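Below is one structure, written out as structure tokens; comments come after it.
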Amino acid sequence: MSWKFFLYDWGGLNIALFQAINTGTPAALGPLAWFFSLVGSYWTAPLMMLGLWWWSKSAADPARGAAVLQRLIGFSVAFLLALLAATVLKLWLDFPRPPAALGDLVRVIGDIELHYSLPSGHATYAALVVGALWPLMGRRGRIGLALYAILVGWSRIAAGMHFPADVLAGWALGWSCMALAGRLMPLAASVWQSARRTSAWVWFTVAASAVSTDQLTKFAITRTFACGEQVEITPFFNLVHVLNPGAAFSFLANAGGWQRYFFIALGLVVSVWLGRMLQQRIHRLEALGYSLILGGALGNVADRAIRGQVVDFLDFHWRLAHWPAFNLADVAITSGAALLIMQMLTQGKAADIIENYNHLQ
């Protein structure tokens with residue numbers, strides 16, 4: 001007998017529990033299952049972050065506002081960790097969803113999905129929400145959070161999307177990522193605090209890390225998927241392998257070929273300018289933004305020089321509307337630009353967010 005039989009199938013109990021919940025849920029509760037699947041989706045993360053930010057700003061007690069801000073930072077870090085971990089696990093394990101395993105015996109609410117059942121992304125996200133808000137709530141609030149996580153997990157089983165083992169794995173992953181974020185944030189805060197006393201090599205290291213991460217992910221995609229292949233991870237996110245001869249988010253992708261050399265030259269010129277900026281004494285948030293843009297620019301320049309085109313693999317969509325596919329270099333460039341805008345709008349105050357984490361420990 002394999003490890004899957006004991007750890008996932010539970011000797012047949014996993015399927016038995018699924019059928020009891022899925023077929024035992026009255027049809028009248030279908031809208032409730034749909035609602036909790038909606039509020040347990042990753043799509044609500046921006047609303048969660050915005051709500052925590054507003055709470056931190058509107059709190060009458062400064063200590064309370066600082067505590068909420070701490071949870072916002074931890075939730076944001078944990079969300080990124082969980083999204084990455086869930087994607088890796090889904091692709092690596094590729095467990096079948098209930099309709100693929102049980103066929104017509106499953107009652108499905110929504111679109112039928114066949115692949116990547118473990119872990120449940122909704123259960124993972126629900127655990128992140130609970131972990132972020134738990135220290136801020138009283139007894140009644142914590143009971144509400146526990147019911148929220150349970151109902152999100154139930155909704156995925158009742159809708160025929162996941163087995164109970166997928167839900168439990170999602171809860172465990174979400175809680176683990178929140179715990180890991182709590183360990184990482186003090187370390188990041190101390191590094192950020194010491195950055196004002198270090199030389200430009202710190203920011204060049206950030207840029208080099210961005211280039212390395214971008215190239216490693218592109219290497220994995222080109223070795224795993226055929227060009228043009230698409231793999232559904234969630235109802236709104238696919239992994240794809242497409243080649244883009246244009247700029248970020250497929251800008252000028254349909255030009256006649258001259259754009260390759262233009263963007264190589266432009267990327268190198270911008271990289272030289274960014275390198276000179278990083279050697280000056282500038283605000284840390286601004287330096288971080290420049291270093292991310294530098295890393296992203298060099299990542300895409302390397303693609304154009306080696307492959308002639310840029311490898312894109314992140315495909316977000318809503319129903320039939322797809323955002324142009326992009327890669328981690330594009331993410332680094334966009335994140336760096338957002339940090340520069342933040343620096344201009346706040347005159348450096350936003351940079352103190354991470355520093356405040358040290359004082360909350």
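Taking a Cβ cut-off of under 9 Å around Tyr116, the surrounding Lys, Arg, Asp and Glu residues balance to a net charge of -1, with basic ones at +1 and acidic ones at -1.
Computed over the range 198-350, relative contact order equals 31 percent, with contacts defined as Cα pairs under 8 Å that lie 6+ residues apart.
Calculated mean residue ellipticity at 222 nm for the chain: -22000 deg cm²/dmol, from DSSP H runs with n ≥ 4 weighted as -39500 (n - 2.57), summed, divided by the residue count and rounded to 500. Roughly what percent of Cα-Cα pairs across the chain reach past 34 Å? I get 36 percent for the Cα pairs in the chain exceeding 34 Å. Springs join every pair of Cα atoms under 10 Å in this Gaussian network model of the chain, and among Asp166, Asp104, Asp330 the largest mean-square fluctuation is at Asp104. Show the residues, 5+ positions off or on another chain, whose built amide H is closer than 5 Å to the amide H of Ile233. Amide H neighbours of Ile233, under 5 Å, 5+ apart: Asn238, Leu239.
Hull volume per residue, based on the alpha-carbon atoms of the range 198-350 and their convex hull, is 128 Å³. Between Asn244, Asn327, Asn14, the GNM of the chain built on Cα springs shorter than 10 angstrom shows Asn14 fluctuating the most. Residues whose amide H falls under 5 Å from that of Val242, counting only those 5 or more places apart or on a different chain, are Gly228, Asp312, with hydrogens built in the peptide plane.
Comparing Arg183, Arg71, Arg223 in a Gaussian network model of the chain where C-alpha atoms under 10 Å apart are linked, the largest mean-square fluctuation is found at Arg223. The peptide list 73-83, 59-69, put in order of mean Cβ contacts within 10 Å with the highest first, becomes 73-83, 59-69. Each residue of the range 229-238 was assigned a 3J(HN,Hα) from its phi angle through the Karplus expression (A = 6.51, B = -1.76, C = 1.60, θ = phi - 60°), giving 6, 9, 10, 7, 9, 9, x, 10, 9, 10 Hz with x at Gly and Pro.
Rule-based calculations on the coordinates, nothing more; no lab input. Here the structure is a predicted model, which is why all the values come from computation and not from measurement. Methodologically, a virtual Cβ is constructed for each residue, glycine included, from the backbone with ideal geometry; neighbour enumeration extends over all protein chains shown.
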